[in-house]
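So the structure is just underneath, and the comments pick up after that.
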Amino acid sequence: MALLLGRLIARDLKKFLFVIIVNGVFAQTNGSEHNNHITTGADSVSAYFYYQRLKYPRDCTEVQNNCSTIDATGVYLIQPVGYREPFEVFCYNELNDGGWMVIQRRFDNSLDFNRTWKEYKYGFGFHHRDMWLGNEKISYLTNQAKYELRVDIGLSSGSSFYVKYDSFRISDEWSQYALASVGTYDGNVGLQVKYCPENMIYGTSTCQVTCADPDGRNCEETHNENDTCICADGFLMKSGTCVDPSQCGCFVMEGIVVPEGGFYVSEDCSEKYTCNNDQLTSNTNYACNANATCAVREGVRQCYCNEKYKGDGETCSIVYKDCYDAYLAGQTQDGVYTILPREWSGSPFNVSCVMASYGGGWTVFQRRNGGSTNFYRDWESYKNGFGSSGGDFWLGNEKLHFITQQADYTLRVDIVTQNNLPKYAEYASFRINGYVTNYQVDSVGSYSGNAGNGMISTTGRSFSTFDRDNDGCGRYNCAQQHNGGWWYGVQAWCETCWPNYCPNFLVGNCRTACSHGNPNGAYNVTSGKSLFWYHYFHDSQCNLNFIEMKLRPS
């Protein structure tokens, strides 16, 4: 004789869950309402039955009937008809007329209910805490009389309810403890025993895997509070039904279903499957480029381009870390090339390369050859860059930072004066720090050349624009006064008056300046806003006709 109680999911409950049998009645009650009154009668009463009686009570109702003074809730010995030996049960006498036997309780997460068949057969847990009485015991209990099942549930929200079934019985182990009967439902909520559809189980899941998303990568991270029917392991949801993966439109082979919009590549990278609109297409001509490798990275197998190459694996183009890298690879023509500096997490970008002059391999990061491009820009513009690599432009402070972090670089500045005289300045090293320092100049090496040292006092200076003033001169905004973006801030000049040199600007009755160079100033003006380099050349160096700044590994 047997009775099987469907497993109750109580993981989210904050109160006791009881499943109790009484006098042919099983019941479940909310223990939080009664646990202050519970006492254990095992020590006094069970011992009496054990030593004095040859016949044990068959259930908790007979415990009460055999001794009218026994009405305390607690643990007692019983022996159902035909069961080989007496065993302990928790008798709950605080509900109705008492005599309820607890067969299951879920109070918290302290006890794992993911158990083996043998453990569910014989029972586990502690009578006063989370427990399962055991299918074998429940089978004998429910086959000796007609029993009622009662389930009391308390939710974390504080609400509670109960359900009852008037004829509850399970079969024996030979029949896998099958649910033999439930009876008529009663209770204070519309909850009835329901059976999940084919290939589904009852449970709580944060993710329902589907044919379109077999790996659950697009599942919401938030927990689903509601228990419901979900697909059993090995099945996927398709149009509201749980199906075998082979019934998915993008099934490849056992254990492999391609997600919608995704792809799968065979182990030798000789075939690629793609899934679109639940239809699987196969590319048998898929093959890795000569500069690619078949590999699994971050769980995805496909063709990956080798180092210094960029592409989808089928097509790979060489990518250089700077213009000098391209020069060493045999590129000797001036022009625009694509580079990808080390540690740069973005996409490859274009740069202007000087290959045929000054030894070749120069990466240009600034050029002024006319007034068509406005250089009076905000912080974000100077951060990301603007202009055209083939014309006037600023490459961008973020890119410039990553380039100069790769190696020790030489800085070269070529200018053409108003008198069309070519001059240059070269610095043995140049490096700028990252965004958190406002692209501070980390180092400027020793100067050589004939254009004058326009980089004097830039080491340690942060970049400034009209909307991000980092110059350290409290009296004025140097980027506004010089009409550009630069590493301004010659501290000694902030309070100093100078002669009427063209790089200077008027502050009250005093003429002053913020820098020895202003390569991003206004084109073709005659004031402190002008394009100048090393003002000690005075008028001859104001309003430069041309300036270009470039880098090459030292």
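The values are calculated or read from the model by the stated rules, or taken from the named source; none is laboratory data. Computed from a predicted structure; not experimentally measured. So basically every Cβ, Gly included, is an ideal-geometry build from the backbone, and we count neighbours across all protein chains shown.
Observations on the structure shown:
- Hits in the range 105-161 - residues which are among the acidic types (Asp, Glu), surrounded by 14 or more Cβ atoms within 10 Å (Cβ to Cβ) and without any contact (Cβ under 8 Å) to a residue 24 or more places away in the chain: Glu119
- Tally of residues being in contact (Cβ under 8 Å) with a residue 40 or more places away in the chain and buried (at least 17 other Cβ atoms within 10 Å of the Cβ) across the range 361-380: 12
- Residues in the range 298-308 that are touching a strand residue (DSSP E or B) at 6+ places or on another chain (Cβ under 7 Å) and over 18 Å from Tyr286 (Cβ atoms): Lys308 alone.
- Condition check for Tyr320: crowded, with 20+ Cβ neighbours inside 10 Å, on the phi < 0 side of the Ramachandran plot, among the hydroxyl-bearing types (Ser, Thr, Tyr) and at pLDDT below 95: yes
- Under the condition of being modelled with pLDDT under 95, part of a loop (DSSP other than H, G, I, E, B) and of a type in the set (Phe, Trp, Tyr), the residues counted in the range 454-503 number 4.
- Meets criteria (aliphatic (A, V, I, L, M) and outside any strand (DSSP E or B)) for Ile403: yes
- Among residues of the range 336-349 being of a type in the set (S, T, N, Q) and not in a strand (DSSP E or B), the one that is surrounded by the most Cβ atoms within 10 Å (Cβ to Cβ) is Ser347.
- Scanning the range 416-432 for residues that are crowded, with 18+ Cβ neighbours inside 10 Å and not in a strand (DSSP E or B) yields a count of 1.
- Of all residues in the range 72-94, those satisfying the criterion of being part of a loop (DSSP other than H, G, I, E, B) and within 16 Å of Gln144 (Cα to Cα) are Gln79, Pro80, Val81, Gly82, Tyr83, Arg84, Glu85, Pro86.
- Residues of the range 389-415 satisfying the condition of being within 24 Å of Tyr376 (Cβ to Cβ) and surrounded by fewer than 16 Cβ atoms within 10 Å (Cβ to Cβ): Gly390, Gly391
- Residues of the range 454-465 satisfying the condition of being under 24 Å from Ile415 (Cβ atoms) and touching a helix residue (DSSP H, G or I) at 6+ places or on another chain (Cβ under 7 Å): Phe463, Ser464, Thr465
- All positions within the range 523-552 that are part of a strand (DSSP E or B), at pLDDT 85 or above and surrounded by 20 or more Cβ atoms within 10 Å (Cβ to Cβ): Ser530, Phe532, Trp533, Ile547, Glu548, Met549, Lys550, Leu551, Arg552
- Checking Asp442 against (1) assigned to a loop (DSSP other than H, G, I, E, B); (2) over 17 Å from His482 (Cβ atoms), the condition it does not meet: (1)
- Count - residues of the range 418-452 that are of a type in the set (S, T, N, Q) and over 19 Å from Tyr358 (Cβ atoms): 8
- Scan of the range 131-149 for residues that are part of a loop (DSSP other than H, G, I, E, B) and in contact with an Asp or Glu (Cβ under 7 Å, 6 or more places away or on another chain), ordered by number: Glu148
- Every residue from the range 508-533 that is hydrophobic (A, V, I, L, M, F, W, C) and more than 53 Å from the chain's Cα centre (by Cα): Cys510
- All of (1) farther than 26 Å from Asp334 by Cα; (2) crowded, with 22+ Cβ neighbours inside 10 Å hold for Cys353 with one exception: (1).
- Picking from residues in the range 95-130 that are in a loop (DSSP other than H, G, I, E, B) and small (Gly, Ala, Ser), the one that is farthest from Arg84 (Cα to Cα) is Ser110.
- Criterion (in a strand (DSSP E or B), of a type in the set (Gly, Ala, Ser) and modelled with pLDDT of 95 or more) met by exactly one of Ser357, Ser381, Ser352: Ser352
- Count - residues of the range 504-522 that are in a loop (DSSP other than H, G, I, E, B) and farther than 12 Å from Asn543 by Cβ: 9
- Strands (runs of 3 or more DSSP E) fully within the range 226-316 counting 1 or more residues that are hydroxyl-bearing (Ser, Thr, Tyr): 228-231, 241-243, 263-265, 272-276, 279-283, 292-297, 300-305, 309-311
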